[in-house]
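Let me begin by presenting the structure, written as structure tokens, before commenting on it.
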Amino acid sequence: MDRFRSTLYLLFMWLTIPIATSIFLLAYPVPYKYRSKLISSWSQITLHVLSFICGLKFEIIGKENIPKKPCIIFCKHQSTWETMALQLLFTPQVWILKRELLWIPFFGWTLASMKSIAIDRSSGKKALKKIVEQGTQRLDEGNWVVIFPEGTRKRPGEKPDYKIGGAMLAKKSGYDVLPIAHNAGEFWPKGQYVKKPGTIKMIIGPIINSNELSTKEINRAAEDWIESTLEGVYEKKYDNEAN
């Protein structure tokens, strides 16, 4: 039954993504803060359909920790789900992502229109410089900057690998970090389209003040909070893969 429901949801996405992408691109001349609301509305629709078809709901805890001004969001990356859920909470937002994602038909075109900071991860210092320069610019313009600090999706319990780019942006720009943990990977696993019914829990943590910490300390504080929080969020225990 889960496979059948997931197939229906996949069909819904295949049929509607080209339409949604066309709308986003046609709206390109409109200021980004208004276009981002279109993307947020689309994410809300897809999550409602996900709940209706697949029985996959979600609960958000810690909204009181969201600051009034935009900052840098460090979010655990386990699934496709969080890319939509974050749109409900933070508008307008931009992502730091690998440039290869821009080459994906429809999805990549939308990302390109979202002021994304696309980097070549093999370029080392050049990529870090781009993250700091363009990330600071986006923040100064009033955008939330979303970064998945491990750079790729991780399975629940998999050993974490937090890269330094997001923490360097925080230290150089002076903007704070908002850590976010969730267990979406237990219901919508990496590399699989079958979605299990249940309730995803997303936890928004306390602000990490970038002015009071070094770059390494910012990264460690975010990793410690996210990974320790996940231990209390997961539906089941894992074999200490994160240690």
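The values are calculated or read from the model by the stated rules, or taken from the named source; none is laboratory data. Here the structure is a predicted model, which means the values were calculated and not measured. Every residue, glycine among them, receives a Cβ derived from its backbone with ideal geometry; neighbour counts consider all protein chains shown.
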Scan the stretch 179-193 for residues that are closer than 18 Å to residue 147 by Cα and hydrophobic (A, V, I, L, M, F, W, C) and jot them down. 180, 181, 184
Note on the stretch 205-214: residues surrounded by fewer than 17 Cβ atoms within 10 Å (Cβ to Cβ) and either modelled with pLDDT under 95 or part of a helix (DSSP H, G or I) (or both) are 211, 212
So, in the stretch 181-207, how many residues would count as being free of Cβ contacts under 8 Å to residues at least 40 places away in the same chain and at negative phi? 1
For residue 152, only one of the following conditions fails: (1) touching a residue at least 60 places away in the same chain (Cβ under 8 Å); (2) farther than 30 Å from residue 55 by Cβ; (3) exposed (fewer than 15 other Cβ atoms within 10 Å of the Cβ). What is its number? (2)
Quick check on the stretch 31-39. Is at least one of its residues surrounded by 18 or more Cβ atoms within 10 Å (Cβ to Cβ), under 25 Å from residue 186 (Cα atoms) and within 15 Å of the chain's Cα centre (by Cα)? no
Yes or no: the stretch 166-181 includes at least one residue that is under 17 Å from the mean Cα position of the chain (by Cα) and either in a loop (DSSP other than H, G, I, E, B) or of a type in the set (Phe, Trp, Tyr) (or both). yes
Quick one: in the stretch 224-239, which of the residues that are in contact (Cβ under 8 Å) with a residue 60 or more places away in the chain and over 24 Å from residue 69 (Cβ atoms) is surrounded by the fewest Cβ atoms within 10 Å (Cβ to Cβ)? 239
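Can residue 56 be described as surrounded by fewer than 19 Cβ atoms within 10 Å (Cβ to Cβ), closer than 29 Å to residue 206 by Cβ and either touching a helix residue (DSSP H, G or I) at 6+ places or on another chain (Cβ under 7 Å) or touching a residue at least 40 places away in the same chain (Cβ under 8 Å) (or both)?
Spelling it out, it is not the case that residue 56 is surrounded by fewer than 19 Cβ atoms within 10 Å (Cβ to Cβ), closer than 29 Å to residue 206 by Cβ and either touching a helix residue (DSSP H, G or I) at 6+ places or on another chain (Cβ under 7 Å) or touching a residue at least 40 places away in the same chain (Cβ under 8 Å) (or both).
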If I go through the stretch 37-79 residue by residue, how many of them are β-branched (Val, Ile, Thr) and in a helix (DSSP H, G or I)? 5
State whether the residues of the stretch 4-18 include one that is assigned to a helix (DSSP H, G or I), among the charged types (D, E, K, R) and under 23 Å from residue 162 (Cα atoms). no
Options 139, 128; residue that is modelled with pLDDT of 95 or more and farther than 24 Å from residue 79 by Cβ: 139
Output for the stretch 80-105, where each listed residue is free of Cβ contacts under 8 Å to residues at least 60 places away in the same chain, of a type in the set (Val, Ile, Thr) and part of a loop (DSSP other than H, G, I, E, B): 91, 104
Being of a type outside the set (Ser, Thr, Tyr) and surrounded by fewer than 12 Cβ atoms within 10 Å (Cβ to Cβ) is the filter here; which residues of the stretch 19-29 pass it? 19, 26, 29
Tell me whether the stretch 186-204 contains one or more residues that are surrounded by fewer than 21 Cβ atoms within 10 Å (Cβ to Cβ), in a strand (DSSP E or B) and hydroxyl-bearing (Ser, Thr, Tyr). yes
Please find, within the stretch 156-185, the residue that is nearest to residue 143 (Cα to Cα) out of those that are of a type in the set (Val, Ile, Thr) and surrounded by 20 or more Cβ atoms within 10 Å (Cβ to Cβ). 177
Cβ-Cβ below 7 Å, separation at least six or inter-chain, first residue in the stretch 107-119 and over 15 Å from residue 40 (Cβ atoms), second assigned to a loop (DSSP other than H, G, I, E, B) and polar (S, T, N, Q): which pairs? none
